[in-house]
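Engineer: Quick one: the structure is below, questions incoming.
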Amino acid sequence: MNRKLTIWVTGSSRGIGLAIAERFALDGHRVVLHCRERVSALRAQLDTLRTRGCSVMGVCGDVSSAADVSRMLSEIHAYFGPVEGLVLNAGVALPQKLLTDCTLAEISRVLEVNTLGAMLTAQAVVPDMVAKKRGSIVCISSYFGVIGGSCEVPYSASKAALGGFTRALAKELAPSGVRVNCIAPGFVPTEMNAAFDAASQDAIRRDIPLETLGRPEDIADAAQFLLLDTARFITGQVLCVDGGSSL
């Protein structure tokens, strides 16, 4: 049986992040939900989980700001203690457009949140894990980080970087008993993908070898497996959960 952990899931007020946070909270873990500015949505999710007997708290801040990350971690320490499991899910995406149509500000923001944000959050949390000689980190990337996406260049690059980050950090932390893995989800209909209408989603579905779209719960299944001791002998891996889209 897996022992109960303090788990921080960044970007968890909706979509995949929320599904992951809910999975761990309902399994009895102490879970920290996070948002940058969707405070009302975060509070509503916390209230719902608490009515179901879950031990949860919320933090708000920008993961691309070292000062915000430090403040959020201090709040977690005060409420739950050290973070033992970390899911790096916070991310942003641009509307589909050619690279030549992207502004410097747009490119910078995607890289800052998706890549730098993951590094800063891990950098803040890792010392506690190393001190305890145990811990687990799961990055949420994208199948576009594996195969690349036309008109999704900044996003694809930011998510591809998480694969290299995962492998390098896994090597760095393995001697301290800390595992680092990555999930590359395929297309999952969430609020972030609201621009894709039903016809577009059906076209995407037909291109997937398994001919089905993903669900947030599919990614939560993978995160639950990789973060906990069920995957005790797995580190430095990128798991594509995409119905075969990356084949």
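Coordinate-derived values only; no laboratory data. Keep in mind that what you see is a predicted model, and the values were worked out from it rather than measured. Here the Cβ is made from the backbone with ideal geometry for all residues, glycine too, and neighbour counts use every protein chain on show.
Engineer: Give the residue list of trypsin sites (Lys or Arg not before Pro) in the stretch 46-105 that are DSSP loop and have at most 15 other beta-carbon atoms within 10 angstrom.
Structural biologist: Filter output for the stretch 46-105: Arg52, Lys97.
Engineer: To make sure I understand the rule: partners must be lysines, Cα under 17 Å from the Cα of Lys171, and not fewer than 8 residues away in the same chain. Which ones qualify?
Structural biologist: Counting by Cα, and skipping residues close in sequence, Lys171 has these lysines nearby: Lys133.
Engineer: Among Gly243, Thr115, Leu227, which residue has its Cα furthest toward the positive end of the charge dipole of the stretch 100-247, with +1 on Lys/Arg Cβ and -1 on Asp/Glu Cβ?
Structural biologist: Leu227
Engineer: Which of the GluC sites (Glu not before Pro) found in the stretch 34-124 are in a DSSP loop and have at most 14 neighbouring Cβ atoms, other than their own, within 10 Å?
Structural biologist: Counting only loop positions with at most 14 other Cβ atoms within 10 Å, the GluC sites (Glu not before Pro) in the stretch 34-124 are Glu37.
Engineer: Same structure again: Could you tell me how many degrees, from 0 to 90 and to the nearest 10, lie between the Cα long axis of helix 198-207 and the main elongation axis, the longest principal axis, of the Cα atoms of the chain?
Structural biologist: Long axis of 198-207 versus the principal axis of the chain: about 90 degrees.
Engineer: Report the local net charge at Glu106: Lys and Arg +1, Asp and Glu -1, summed over other residues whose C-beta lies under 15 Å from its C-beta.
Structural biologist: Around Glu106, the charge tally is -1.
Engineer: I want the local charge near Ile20. Using Cβ-Cβ distances under 14 Å, sum +1 for each Lys or Arg and -1 for each Asp or Glu among the other residues.
Structural biologist: Local charge sum for Ile20: -2.
Engineer: For the chain, modelled as a GNM with alpha-carbon contacts under 10 angstrom, which of Leu18, Leu210, Leu228 fluctuates the most?
Structural biologist: Leu210
Engineer: Let me ask something else. May I ask which of Lys97/Lys159; Lys132/Lys159; Lys4/Lys159 have a Cα-Cα span longer than 22 Å here?
Structural biologist: In this structure, Lys132/Lys159; Lys4/Lys159 lie more than 22 Å apart at Cα.
Engineer: If amide H atoms are built 1.01 Å from N in the plane of the peptide, which residues on other chains or at least 5 residues away come under 5 Å of the amide H of Cys139?
Structural biologist: Leu88, Asn181, Cys182, Ile183
Engineer: Here is a further query. Residue-wise, which Karplus ³J(HN,Hα) couplings in Hz belong to the stretch 209-221, taking 6.51 cos²θ - 1.76 cosθ + 1.60, θ = phi - 60°, and x for glycine or proline?
Structural biologist: Ordered by residue, 3J(HN,Hα) equals x, 7, 6, 8, 7, x, 10, x, 5, 5, 6, 4, 4 Hz.
Engineer: Okay, next question. Averaging over every viewing direction, what projected area does the convex hull of the Cα atoms of the chain cover, in nm²?
Structural biologist: 13.1
Engineer: Please report, in debye to the nearest 20, how large the charge dipole of the chain is about its Cα centre when each Lys and Arg carries +1 at its beta carbon and each Asp and Glu carries -1 there.
Structural biologist: The dipole of the chain has a size of about 820 debye.
Engineer: Please arrange His77, His29 by how many other C-beta atoms lie within 10 Å of their C-beta, fewest to most.
Structural biologist: Listing His77, His29 from fewest to most nearby Cβ atoms yields His77, His29.
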